[in-house]
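I have placed the structure first, in the form of structure tokens, so that the comments after it can refer back to it.
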Amino acid sequence: MAPQKRVTAMIGDIAPKLAEITDDVLFGDVWQRPDLSPRDRSLATVSALIALNRMEQLPFHLRRALDNGLSRDELIETITHLAFYCGWPNSMSAVRIAREEFAKHP
């Protein structure tokens, strides 16, 4: 399935417009803009999700970050760094999720 149609497959049956704009605008336009690399966008997104304690979306974006060229070590270092700026509990939760995702996708 094309990356920009993943959300439609996930929630299109119940929230078709939200799925459409997520696929077409967020992943189809915003993530494709040339001023930031996909790697940099992933780093910014993972950081924002951790800082805002949006742990439900973190597994997807950790996998995407790995696919976009970030290493596991870089992601763990980012989580560690963020503990000092966005809170220890947020980073501790993120490490738990990272461990689970890394185990699922060796």
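The numbers here are math on the coordinates, done by the rules we state, and not lab data. Given the structure is predicted, the values throughout are model-derived calculations rather than measurements. All Cβ positions, glycine included, derive from the backbone under ideal geometry; neighbour counts span all protein chains shown.
So here's what we get for this one:
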| read-out | value |
| --- | --- |
| With 10 Å bins from 0: P(r) over the chain, alpha-carbon pairs, percent | 15, 43, 33, 9, 0 |
| Spin-label model distance (nm) - ARG54 vs ARG96, 7 Å beyond Cα toward Cβ | 2.0 nm |
| Structure-based [θ]222 nm, the chain - -39500 (n - 2.57) summed over DSSP H runs of at least 4, per residue, nearest 500 | -19500 deg cm²/dmol |
| By average C-beta atoms within 10 angstrom, highest first, the peptides 66-78, 8-20, 86-98 | 86-98, 66-78, 8-20 |
| Segment ASP35-THR80, extension gain: residue separation times 0.36 nm, minus the distance between their alpha carbons | 13.5 nm |
| Range of Cα positions in region 61-106 per principal axis (Å), largest first | 27, 18, 15 |
| Nearest-20 debye value, region 37-106 charge dipole, Cβ charges on Lys, Arg, Asp, Glu | 140 debye |
| Calculated FRET value between ARG72 and VAL25, using beta carbons and R₀ = 30 Å, to 0.05 | 0.50 |
| Label-to-label distance, nm, for residues given as LYS5 and ALA103 (7 Å Cα→Cβ offset) | 3.4 nm |
